[in-house]
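Asks: I'd like to ask you about the structure that follows.
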Amino acid sequence: MCGVVGGVSERNMVPIILEGLSRLEYRGYDSAGITVIGSSNKLARQRVTGRVEELAKICGNENFRGLCGIGHTRWATHGGVTIDNAHPHFSNDKIALVHNGIIENYAPIREELKAKGYEFKSETDTEVIVHLIHSLYVTNKNLLLSVKEATKQLHGAYAIGVMCVDNPDEMVCARLGAPLILGLGIGEMFFASDISALLPVTQKVVYLEDGDVAIITRAGYKVYDAHDKEIFRKPNISELSVTQTELNGYRHYMQKEIFEQPDAIAQTLQSLGNSFNTNVFGRDAGKIFKQIDQVQIIACGTSYNAGMVAKYWIEDFAGLECRVDIASEYRYSKPPKRPNTLIVSLSQSGETADTLASVKYAHELGMTNTLAICNVAESSLTRLSKLSILTQAGPEIGVASTKAFTTQLVVLLYLANTLAMTKGHLTSNDAEARIRQMRCLPQLIIDTLKLEEQLKLIAKEMEYKQHALFLGRNTLYPIAVEGSLKLKEISYIHAEAYAAGELKHGPLALIDKEMPAIILMPGNLLHDKVKSNVQEVLARQGVVYLFTDTEEDVTAKCHRVVKMPENIAEYLLPIIYTIPLQLLSYHTAITKGTDVDKPRNLAKSVTVE
Ligand code: G6P
């Protein structure tokens with residue numbers, strides 16, 4: 001959460017920072033700020049509560065310019081949403097700093113600095129960093145050294161960019177537990193939370209490691225590792241392009257990302273190849289998959305819901321016990337130390353703090369067979385894990401995850417089958433048939449997206465609803481959970497999901513003629529069981545929205561029936577049934593007029609605990 005961007009250039013940094021901030025806004029959007037060192041070598045700052053758009057309006061003044069500058073978009077943790085709490089923060093009008101992360105020991109440092117006479121103007125944990133750096137700079141007069149010494153005293157997570165009026169030709173950055181990259185231009189050098197912020201100016205990036213401190217000038221960069229040793233971090237050329245991160249005619253990123261799913265899945269399938277092959281997970285995967293006798297999945301949010309689907313597949317196909325835990329729970333739990341566990345972490349961003357901490361925790365417990373399924377190459381998670389595989393969803397910018405989820409499901413289905421092969425549970429004929437069926441996914445999704453008009457109608461009926469209930473069984477239960485999460489996060493309707501069999505154990509009490517029940521009832525093995533649940537809701541005047549590929553007596557009594565594509569392989573159902581639920585939440589949010597891509601209080605990348 002929070003996005004940072006900045007750099008030293010031969011041209012005015014203000015438009016570059018503003019563009020970078022708007023591209024980082026998915027990380028947090030309750031306030032934004034920018035500081036440049038102006039021509040008179042003084043710090044000039046603009047800050048707003050609200051969006052980057054508002055910040056841009058007040059940065060139009062010609063005199064607000066500088067060749068060295070930093071910017072920040074905030075997702076509040078310590079201190080409310082006020083101008084004073086917005087970054088950049090200053091110390092003695094000499095040093096300016098932006099920060100993403102949380103400093104856990106800020107309170108004692110703050111007291112020490114106050115005793116030395118430092119005056120705090122905000123309620124943030126960040127302000128202690130800038131004063132701490134200043135207090136060291138006063139004696140050593142060296143910004144790089146001051147940042148190195150200051151970061152040694154900090155506990156928690158940080159990605160910082162710091163500049164000092166005494167030397168407007170250089171800037172110092174540092175990271176620990178929060179992402180930070182350098183961007184290399186010609187006669188200019190930048191830093192940012194992620195590559196999307198820098199794509200308009202460069203595709204050449206250096207990924208900083210935890211504990212790194214870097215100094216950048218127009219001519220180059222130097223990096224010092226956690227042991228203060230100068231180290232060469234190799235530049236990479238990013239494959240992302242500016243157009244991939246733009247709306248390209250769509251109204252919202254979420255809409256664009258929903259409709260990109262056939263392509264994203266096709267790309268992901270292509271990267272996996274024509275057979276179930278352990279090598280795609282990494283060089284040692286074959287050996288590790290043979291050794292393991294259970295699977296532990298760890299994730300947050302939508303990624304966790306993908307993990308819940310995978311549990312059914314892994315247990316069914318590979319005969320392996322599979323546990324799924326929410327990362328923020330796992331990291332503080334006491335799981336049995338079983339070294340033959342495959343720890344699978346799922347994350348779109350690869351930067352979610354709790355997921356990262358869980359993988360580190362598993363390593364500490366001696367469970368080092370870690371596999372990351374991630375959408376971002378070179379993310380902290382992929383670098384931390386022994387094995388990794390990328391979903392080929394392309395950049396996902398809408399806060400509500402869509403294409404990252406369905407591509408995760410594709411990789412998880414592939415993983416379950418690869419484990420099944422390794423454990424001798426899958427014949428080569430069955431393997432071929434499954435690969436063939438998985439290849440039908442892009443077209444099946446194209447067909448399912450055609451349901452959009454029907455879902456718009458349902459969305460209109462949802463507009464005035466306060467609550468909604470989502471029901472499903474087996475692999476469709478986690479899809480009900482995901483559908484309810486999508487609806488609540490972008491349309492602010494309270495939605496809950498239950499395994500349909502649990503209906504009688506509580507939620508049935510909520511059913512009346514006001515309560516919409518969204519029920520997923522494919523014509524699969526559990527069809528009759530779900531049908532009984534539909535009857536139970538109807539018998540209590542519940543308003544049923546049925547998603548099914550079957551036609552029968554019960555459908556006539558439902559309020560609306562969404563006819564899903566027929567003859568879909570059982571294991572592809574969760575992927576296909578996700579699509580109409582995404583469209584339903586998207587159109588409900590449009591009808592309600594909420595901010596689809598940036599729902600209130602949320603952020604895409606949760607890099608704090
Ligand atoms: C946030 C996002 C969700 C995402 C979750 C986990 O809550 O808003 O869309 O599912 O984080 O993120 P990850 O990047 O680890 O998948």
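Asks: Along the Cα-to-C-beta direction of Lys334, a point sits 7 Å from the Cα; which residues of region 354-378 have their amide N less than 14 Å from that point?
Replies: none
Asks: Just to verify a number: FRET efficiency for Ala556 and Gln443, C-beta to C-beta distance, R0 = 35 Å, to 0.05?
Replies: On the way: r = 30 Å, r/R0 = 0.87.
About 0.70, to the nearest 0.05.
Asks: Keeping all protein chains in place, calculate the accessible area per residue for region 457-586 (probe 1.4 angstrom), answer in Å². Intermediate values should be presented prior to the final figure.
Replies: Values: 4970 Å² over 130 residues.
Counting only protein heavy atoms, the per-residue value for region 457-586 is 38 Å².
Asks: Please compute the modelled spin-label separation between Asp512 and Asp169, points set 7 Å along Cα→Cβ, answer in nm with one decimal.
Replies: Here the modelled spin labels are 7.4 nm apart.
Asks: Amide H neighbours of Ala372 under 5 Å, counting only residues 5+ apart in sequence or on other chains, H built in-plane at 1.01 Å?
Replies: Ser345, Leu387, Ser388, Ile389
Asks: Which whole-Hz ³J(HN,Hα) couplings does region 97-113 yield from phi under the Karplus relation 6.51 cos²θ - 1.76 cosθ + 1.60, θ = phi - 60°, glycine and proline marked x?
Replies: Calculated HN-Hα couplings, in order: 8, 10, 8, 10, x, 9, 9, 6, 9, 5, 4, x, 5, 4, 4, 4, 5 Hz.
Asks: Distance between the C-alpha centers of region 400-435 and region 240-299? Whole Å please.
Replies: Distance between centres, Cα-based: 12 Å.
Asks: A follow-up question, please. Please give the contour-minus-distance gain from Lys529 to Lys121: 0.36 nm per residue of separation, less the Cα-Cα distance, rounded to one decimal in nm.
Replies: Additional length available on full extension: 140.7 nm.
Asks: Please enumerate, by chain and number, the lysines with C-alpha under 19 Å from the C-alpha of Lys460, excluding those fewer than 8 residues away in the same chain.
Replies: Straight-distance partners of Lys460: Lys450, Lys486, Lys488, Lys513, Lys563, Lys592.
Asks: Could you work out how far helix 301-313 tilts from the main Cα principal axis of the chain, as a 0 to 90 degree angle to the nearest 10?
Replies: 40 degrees
Asks: Where the accessible area of the chain is counted over protein heavy atoms with a 1.4 Å probe, how much of it, in %, is carbon and sulfur?
Replies: Working: 11350 of 23370 Å².
Exposed carbon and sulfur together represent 49 percent of the surface.
Asks: Cross-link list Lys456/Lys529; Lys229/Lys287; Lys504/Lys557; Lys114/Lys152: which exceed 25 angstrom alpha carbon to alpha carbon?
Replies: Working: Lys456/Lys529 29 Å; Lys229/Lys287 35 Å; Lys504/Lys557 20 Å; Lys114/Lys152 19 Å.
Result: Lys456/Lys529; Lys229/Lys287 exceed 25 Å.
Asks: List the residues, sorted by chain then number, that are 5 or more residues from Gln294 or on another chain and whose placed amide H is less than 5 Å from its amide H.
Replies: Leu342
Asks: Grab the Cα-Cα distance for Asp293 and Leu247, subtract it from 0.36 nm times how many residues apart they are, and report the gain in nm with one decimal. Show your work: numbers first, answer last.
Replies: On the way: separation 46, 0.36 × 46 = 16.56 nm, distance 4.46 nm.
Additional length available on full extension: 12.1 nm.
Asks: Right, something else. I'd like the chymotrypsin sites (Phe, Trp or Tyr not before Pro) in region 289-339 restricted to DSSP loop residues with at most 12 other Cβ atoms within 10 Å, sorted by number. Spell out each step's value before the answer.
Replies: Working: sites: Phe289, Tyr304, Tyr312, Trp313, Phe317, Tyr330, Tyr332; in loops: Tyr332.
Taking region 289-339 and a limit of 12 other Cβ atoms within 10 Å, the loop chymotrypsin sites (Phe, Trp or Tyr not before Pro) found are Tyr332.
Asks: How much mean residue ellipticity at 222 nm does the chain get from its helices, if each DSSP H run of length 4 or more adds -39500 (n - 2.57) and you divide by all residues, to the nearest 500 deg cm²/dmol?
Replies: Details: 20 runs with 217 residues, N = 609.
Taken over the chain, the calculation gives -10500 deg cm²/dmol.
Asks: If you filter region 384-482 for trypsin sites (Lys or Arg not before Pro), then keep DSSP loop positions with at most 13 other Cβ within 10 Å, what is left?
Replies: Details: sites: Lys386, Lys403, Lys423, Arg434, Arg436, Arg439, Lys450, Lys456, Lys460, Lys465, Arg473; in loops: Lys386, Lys423, Arg439, Lys450, Lys465, Arg473.
Answer by residue number: Lys450.
Asks: Starting from the Cα of His505, step 7 Å along the direction of its Cβ; do the same at Asp93; then give the gap between the two resulting points in nm.
Replies: A separation of 6.6 nm, rounded to one decimal place.
Asks: Give me the net charge of Glu552's neighbourhood, meaning all other residues with Cβ under 14 Å from the Cβ of Glu552; Lys, Arg count +1, Asp, Glu -1. Intermediate values should be presented prior to the final figure.
Replies: On the way: positive: Lys531, Lys557, Lys563; negative: Asp528, Asp549, Glu551, Asp553, Glu566.
Every neighbour counted, the sum reads -2.
Asks: Based on the mean of other beta carbon atoms within 10 Å per residue, what is the order of 247-254, 124-131, 6-13, most packed first? Don't jump to the answer; show the numbers that get you there.
Replies: Details: 247-254: 15.6, 124-131: 26.6, 6-13: 21.2.
Descending mean neighbour count gives 124-131, 6-13, 247-254.
Asks: Suppose each label sits 7 Å from its Cα in the direction of the beta carbon; what would the Asn567-Leu457 distance come out to in nanometres?
Replies: With each label placed 7 Å out from Cα toward Cβ, I get 2.6 nm.
Asks: Then there's this: With Cβ to Cβ distances under 14 Å as the rule, what net charge do the other residues near Gly69 carry (K, R +1; D, E -1)? Each step should come with its number before you reach the end.
Replies: Values: positive: Arg11, Lys42, Arg45, Arg47, Arg65, Arg218; negative: Glu10, Glu19, Asp169, Glu170, Glu188.
Here the count lands on +1.
Asks: How high is the FRET efficiency from Leu365 to Glu209, r the C-beta distance, R0 22 Å, rounded to 0.05? Don't jump to the answer; show the numbers that get you there.
Replies: Numbers: r = 23 Å, r/R0 = 1.06.
The pair Leu365/Glu209 has a calculated efficiency of 0.40.
Asks: For region 273-281, just list the computed ³J(HN,Hα) in residue order, Karplus coefficients 6.51, -1.76 and 1.60, θ = phi - 60°, integers in Hz, with x standing in for Gly and Pro.
Replies: So the J values, rounded to whole Hz, are x, 9, 8, 7, 10, 4, 4, 5, 8.
Asks: In degrees, nearest 10, range 0 to 90: what is the angle between the Cα axis of helix 126-140 and the longest Cα principal axis of the chain?
Replies: Once rounded, the angle reads 30 degrees.
Asks: Under 14 Å from a point placed 7 Å out from the Cα of Asn41 along the Cα-to-Cβ direction: which residues of region 58-81 have their backbone N that close?
Replies: So the set is empty, nothing qualifies.
Asks: List the residues whose amide H sits under 5 Å from the amide H of Asn105, counting only those 5 or more places along or on another chain, with H placed 1.01 Å from N in the peptide plane.
Replies: It is His155, by chain and number.
Asks: Could you work out the relative contact order of the chain, using alpha carbon pairs under 8 angstrom and six or more residues apart, expressed as a whole percent?
Replies: Details: 1366 pairs, mean separation 71.8, N = 609.
That works out to 12 percent.
Asks: Output wanted: per-residue J couplings in Hz (rounded whole) for region 240-252, from phi through Karplus 6.51 cos²θ - 1.76 cosθ + 1.60, θ = phi - 60°, x for Gly and Pro.
Replies: Once rounded to whole Hz, the list reads 6, 10, 4, 5, 5, 9, 10, 6, 6, x, 6, 7, 9.
Asks: Nearest 10 degrees is fine. How inclined is helix 573-592 to the longest principal axis of the chain, computing both from alpha carbons?
Replies: Once rounded, one gets 60 degrees.
Asks: Report the local net charge at Val213: Lys and Arg +1, Asp and Glu -1, summed over other residues whose C-beta lies under 15 Å from its C-beta. Can you show the working numbers first?
Replies: On the way: positive: Lys148, Lys152, Arg175, Lys222, Lys229, Arg233; negative: Glu149, Glu170, Glu209, Asp210, Asp212, Asp225, Asp228, Glu230.
Net charge in that neighbourhood comes out at -2.
The values are calculated or read from the model by the stated rules, or taken from the named source; none is laboratory data. Every value quoted in this text rests on a predicted model; they were computed, and no experiment measured them. Please note: Cβ atoms are built from the backbone with ideal geometry, for glycine as well, and neighbour counts cover all protein chains shown. Quick note on the areas: whole protein, heavy atoms, side chains included, nothing else; ligands and nucleic acids left out. Shrake-Rupley method; radii C 1.70, N 1.55, O 1.52, S 1.80 Å.
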